[in-house]
Amino acid sequence: MEVYLQGFLIACKGIPTTIWVSLVAIVLGAAVGLLLALCSQSNSKALKLISKLYIDIVRGTPMLVQALIMAYGVPQLIQSMGTDFKWPNLVIPAVIVCGMNSAAYMAEIIRSGIQAVDKGQMEAARSLGMNKRMAMRLIIIPQAIRMILPAFANEFVTLIKETSVLGYVGVVEILRHGQLWNSSSFETFPAYIGVALAYMILTIPLSKLINGYERRRARKEAAA
Amino acid sequence: MIEIKGLHKYFGENQVLKGIDQSVNEGEVLCIIGPSGSGKSTMLRCINRLEEPTDGEIFMDGELITDENLDRIRTKMGMVFQSFNLFPHMSVLDNLTCGPVNVKGESKAEAEEKAKKLLARVGLAEKAGEFPRNLSGGQQQRVAIARALAMDPEVMLFDEPTSALDPEMVGEVLDVMKSLASEGMTMIVVTHEMGFAKEVADKVIFMDGGYIVEQGPPEEVLGNPQMDRTKDFLSKVLI
């Protein structure tokens, strides 16, 4: 039994890195995702195309491949152009990849949220003399955000699990801690069970929170 | 004050407005009646460009409305919708101050003071802190009227303001509109409330099939219609 506890505790050492990477990535993802969503809603064909290309490319490739390109491919490319470049810390490309990856999914979530806001809201805002940008900022986006909060939190849960691929590009997060311990102790089963438990103590409470929020909101809406 | 010249509107292949010419003078109350699909709401929505006219010109105070001056001109036109369209994430008070503060640059204090007066005027002074979802339909529509008035508009556009209301709430909204009219507000009202049109309108337009079929003072259009289509329509609605 003790060996399982040891496996769990070792995996837990990776929790701060996993949380940190996930948090920065979700903030980056939300910001870039909002930008992409606004591009996809704009009247400009070029902006629409950029947003669509970005989303298609990111969603059509595995995050591990994106991480390998960013962590090892990009420095090599820059070096081949004659500039000395090395990531000062491999967490940096990892966070960028997670954020950029999440942005593609966030963009779709935000876009659906914006479209779910009643058309009359934009009309009412415009009829008060607001331009489109002001109407988006003051009227549409605040309502869209409320609607997408659960989907946003679900994306965060997904992101936490997906950061597990970052062990392959030099980030010592939960999974990597378990792997390292496994290769020195050969306690394979306890090591990976420990890793699984470490992820669960992050994801399950978060999922419960989301469910609670959705239930509360459903009750509130039913009462209104 | 408002002049509409040669207004045409297509939705795809479907021609909804087939050449509308009309003017509304200051202080005048114009009621637009007609069967659904006759183009009356589209005409109203073309005035403040919630629908883009396919062809035709609309002037406000002698100024042609264009893409460039649209946002500024919209601040002079209050709009009230069938489905209220209050901002659900804001309190009633914030619904009223949001336009004046953000669009016209009024100070928060100034806007709030005016908003409270307007809420009192529509009989909802005590609801300032409530959220729209806690109000009845009639109360929401009265707030929507106050929200439009908060911009100090020169003309008010009403798009079937009582059609989404339970029957017992129609009266309270019509009362607010009547008092506005009696204070001299210029109003264009698309409505099915013939009683209101008869009592308040200076001019009534009957529309059908994208045309203005008949127009004139309410006692003529509603009391003694000349055209068969007007007679047919009026015979089917209760006055």
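Odds and ends about this structure:
- Local electrostatic count, B:MET77, Cβ distance below 15 Å [Lys/Arg +1, Asp/Glu -1]: -3
- Approximate spin-label separation A:ALA31-A:GLN6, in nm, with each point projected 7 Å along Cα-to-Cβ: 4.3
- If R0 is taken as 56 Å, the Cβ-Cβ distance between B:HIS8 and A:ASN211 corresponds to a FRET efficiency of 0.55.
- A:LEU149 sits among other residues whose Cβ lies under 10 Å from its own Cβ, and their net charge, with Lys and Arg +1 and Asp and Glu -1, is +1.
- Chain-alone versus full-assembly comparison, the stretch B:131-152, residues with accessible loss of at least 40 Å² (1.4 Å probe): B:ARG133
- Checked against a 29 Å cut-off, the cross-linked pairs B:LYS116/B:LYS198; A:LYS45/B:LYS108; A:LYS132/B:LYS76 give Cα-Cα distances beyond that limit for B:LYS116/B:LYS198; A:LYS45/B:LYS108.
- Distance between modelled label sites at B:GLU68 and B:GLU52, nm, 7 Å Cα→Cβ extension: 1.8
- Summing Cβ point charges (Lys, Arg +1; Asp, Glu -1) relative to the Cα centre of the stretch B:105-228 gives a dipole of roughly 540 debye.
- With the simple spin-label model, which puts each label point 7 Å out from Cα in the Cβ direction, the A:LYS119 to A:LEU77 separation comes to 4.2 nm.
- Ligands, DNA and RNA are left out, and with a 1.4 angstrom probe the accessible area of the stretch A:2-223 is 53 Å² per residue.
- Placing +1 on each Lys and Arg Cβ and -1 on each Asp and Glu Cβ, with no other charges, gives the protein assembly as shown a dipole about its Cα centre of roughly 1820 debye.
- Note on chain B: with a GNM built from Cα contacts shorter than 10 Å, the maximum mean-square fluctuation among B:LEU119, B:LEU70, B:LEU44 falls on B:LEU70.
- Fraction of beta bridges assigned by DSSP in chain B that are antiparallel (%, nearest 5): 55
- Residues A:ARG59, A:ARG176 ordered from highest to lowest accessible area at a 1.4 Å probe: A:ARG59, A:ARG176.
- Net charge contributed by nearby residues that have their C-beta within less than 13 Å of B:LYS108 (K/R +1, D/E -1): -2
- Heavy-atom accessible area for B:ASP55, with the other protein chains in place and a 1.4 Å probe, reaches approximately 90 Å².
- Integer Hz, Karplus 6.51/-1.76/1.60 couplings in order for the stretch A:115-126, x for Gly and Pro: 6, 6, 6, 3, 4, x, 5, 5, 4, 5, 5, 5
- Portion, in percent, of the accessible area of the stretch A:2-223 that falls on carbon or sulfur, probe 1.4 Å: 67
- Take every pair of alpha-carbon atoms less than 8 Å apart whose residues are at least six positions apart; their mean separation over the length of chain A yields a relative contact order of 35 percent.
- A dipole drawn for chain A from +1 and -1 charges on Cβ atoms has a positive end, and of A:ILE160, A:MET200, A:LEU138 the residue lying farthest that way is A:LEU138.
The values are calculated or read from the model by the stated rules, or taken from the named source; none is laboratory data. All of these numbers come straight from a predicted model, not from anything done at the bench. Glycine gets a Cβ as well: all are built from the backbone with ideal geometry, and neighbour counts include every protein chain shown. Surface accessibility is based on the protein's heavy atoms, side chains included, excluding ligands, DNA and RNA. Shrake-Rupley method; radii C 1.70, N 1.55, O 1.52, S 1.80 Å.
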